[in-house]
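Novice: I have a structure here, written as structure tokens, and I will follow up with some questions on it.
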Amino acid sequence: MAITAADVKKLREMTGAGMMDCKKALTATEGDMDKAVDFLREKGLATAQKKASRIAAEGIVMNVVSEDGKKAVSVEVNAETDFVAKNEKFQTFVKEVADQALNTTAADIDAFMAEAWALEPSKTVADALASQIAVIGENMKIRRFQQVEEAEGFVTSYIHAGGKIGVLVDVVSNVVNDAVKEMAKNVAMQIAALKPQYTSRKEVSADYIEREKEILMAQIMNDPKESQKPEKVIKGMIEGRINKELKEICLLDQVYVKAEDGKQTVQKYVESVAKAEGANIEVKGFVRFETGEGLEKKNEDFAAEVAAQMAK
């Protein structure tokens, strides 16, 4: 049967694939729209497998918050280049992933990838990703997601540098007004900037503290001057250094970046807002995703890459 421009247009709208790919799919399947979709899906999967070895360390973090502000999710989706990360089609797909992740019951990323794609239940999330890889032409990866839910307060979202860093803050509060929300936003910005590892000292394990003490003791013993000091002094030095480290890695112990006196901690800042608003406020926890953290980034000489391609 003859393949019309309208058929090609319809298939393109259904799949997001390129015009020529849609025409080839319809020709190969004799105009059967459903089979043409499967044809393109199969091609997408093949393309995804071919590109899976490429490093995907760019991308964006996106947050989605429920209308009542009591539930949120942070999602990181990676691509190979920053150029694609800024692409509207890529960002639309990440928003769709985040919308699904907001309400997923999947316990981990593998279970999430295997569940039905909400926008097209005949596909899985992995299938939807493969289709996007075929359309965009780069390896992509849905790397991680984390939900935060707070029935006794709200969740604040902050995105830094167009998605390079995403932060969610879990706030328990009996008062939710503009001043309390501004406080939460300021804390989220603090987290983005200073990268704390814990919310408070009570989250830090005893094993971690003991290991740090062992390292500090070894450093002191290797220093000819410090190792000669009395045991009581050495113990005091170690406690002082541990305390200094905790002030850097625990959010509530950090010096609040907007503090006018340069001394006020985040905990004291939260307490000052709580007092002013007559509220009981607790920063219960946070999520901080930074795009590509822990991943090896592709760093190739473009001229060398072109020469390599020409030599093939």
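The values are calculated or read from the model by the stated rules, or taken from the named source; none is laboratory data. These numbers come from a predicted model, not from an experiment. Cβ placement follows ideal geometry from the backbone for every residue including glycine, while neighbour counts extend to all protein chains displayed. The protein model used for the area step is the full one, side chains on, heavy atoms only, and it has no ligands, DNA or RNA in it. Shrake-Rupley method; radii C 1.70, N 1.55, O 1.52, S 1.80 Å.
Novice: Take every DSSP beta bridge whose two residues both sit in the chain, then give the antiparallel share in percent to the nearest 5. Numbers along the way, then the final one.
Specialist: Working: 37 of 38 bridges.
Roughly 95 percent of the beta bridges in the chain run antiparallel, per DSSP.
Novice: Just to be sure I understand: with springs between alpha-carbon atoms less than 10 Å apart, which residue in Ala17, Ala85, Ala192 has the highest mean-square fluctuation in the Gaussian network model of the chain?
Specialist: Ranking Ala17, Ala85, Ala192 by mean-square fluctuation puts Ala17 first.
Novice: For region 119-127, what does the Karplus curve 6.51 cos²θ - 1.76 cosθ + 1.60, with θ = phi - 60°, yield as ³J(HN,Hα) per residue in whole Hz, taken in order and with x for Gly and Pro?
Specialist: 7, 7, x, 6, 9, 9, 4, 5, 5
Novice: Could you tell me what a quarter of the Cα convex hull surface of the chain works out to, in nm² with one decimal place? Mind dumping the intermediate values first?
Specialist: Working: hull surface 96.0 nm².
Mean shadow area of the hull around the Cα atoms is 24.0 nm².
Novice: Turning to a different aspect of this structure: Between their Cα atoms, which of Lys71/Lys244; Lys71/Lys202; Lys181/Lys258; Lys89/Lys195 are more than 28 Å away from each other?
Specialist: Violating the 28 Å Cα-Cα cut-off are Lys71/Lys244; Lys89/Lys195.
Novice: What list of ³J(HN,Hα) couplings, whole Hz, do you get for region 141-146 from phi and the Karplus terms 6.51, -1.76, 1.60, once you set θ to phi - 60° and write x for glycine and proline?
Specialist: So the J values, rounded to whole Hz, are 8, 7, 7, 6, 8, 8.
Novice: So if we plug the beta-carbon distance of Met221 and Lys35 into 1/(1 + (r/R0)^6) with R0 = 45 Å, what FRET efficiency do we get, rounded to 0.05? Could you put the intermediate results ahead of the total?
Specialist: On the way: r = 73 Å, r/R0 = 1.62.
Working from the Cβ atoms, E equals 0.05.
Novice: Moving to a separate point now. So which lysines pass the test for Lys232, namely a Cα distance under 17 Å, with those fewer than 8 places away in the same chain ruled out?
Specialist: Qualifying lysines at Cα under 17 Å: Lys213.
Novice: Return the whole-Å distance between the Cα centroid of region 239-281 and the Cα centroid of region 91-122.
Specialist: That distance is 37 Å.
Novice: Okay, moving on. For Val175 and Thr124, compute 0.36 nm times the residue count separating them, minus their Cα-Cα distance, and round to one decimal in nm.
Specialist: On the way: separation 51, 0.36 × 51 = 18.36 nm, distance 4.09 nm.
So the extension gain works out to 14.3 nm.
Novice: Springs between alpha-carbon atoms under 10 Å, Gaussian network over the chain: tell me which of Gln190, Gln147, Gln264 tops the mean-square fluctuations.
Specialist: Maximum among the listed residues: Gln264.
Novice: Something else: Calculate, for region 182-276, the solvent-accessible area per residue in square angstrom, rolling a 1.4 angstrom probe over the heavy atoms of the protein chains. Don't jump to the answer; show the numbers that get you there.
Specialist: Details: 6000 Å² over 95 residues.
Accessible surface, normalised per residue, equals 63 Å².
Novice: At a 1.4 Å probe radius, carbon and sulfur cover how many percent of the accessible area of the chain? Could you put the intermediate results ahead of the total?
Specialist: On the way: 9070 of 17600 Å².
The computed percentage sits at 52.
Novice: Mind listing the Cα extents of region 167-300 along all three principal axes, in Å, largest one first?
Specialist: Projected onto the principal axes, the Cα atoms of region 167-300 cover 57, 49, 28 Å.
Novice: Here is a follow-up. For a label point 7 Å from the Cα of Glu282 along Cα→C-beta, name the residues of region 56-89 whose backbone N is under 15 Å from it.
Specialist: none
Novice: Once both axes come from the Cα atoms, what is the angle between helix 231-249 and the longest principal axis of the chain, in degrees from 0 to 90, rounded to 10?
Specialist: The answer is roughly 40 degrees.
Novice: So if each residue of separation counts as 0.36 nm, and I subtract the Cα-Cα distance between Ala161 and Lys195, what length gain in nm does that give? List each step's numbers first, then the result.
Specialist: Details: separation 34, 0.36 × 34 = 12.24 nm, distance 1.49 nm.
Gain on extension, Ala161 to Lys195, equals 10.8 nm.
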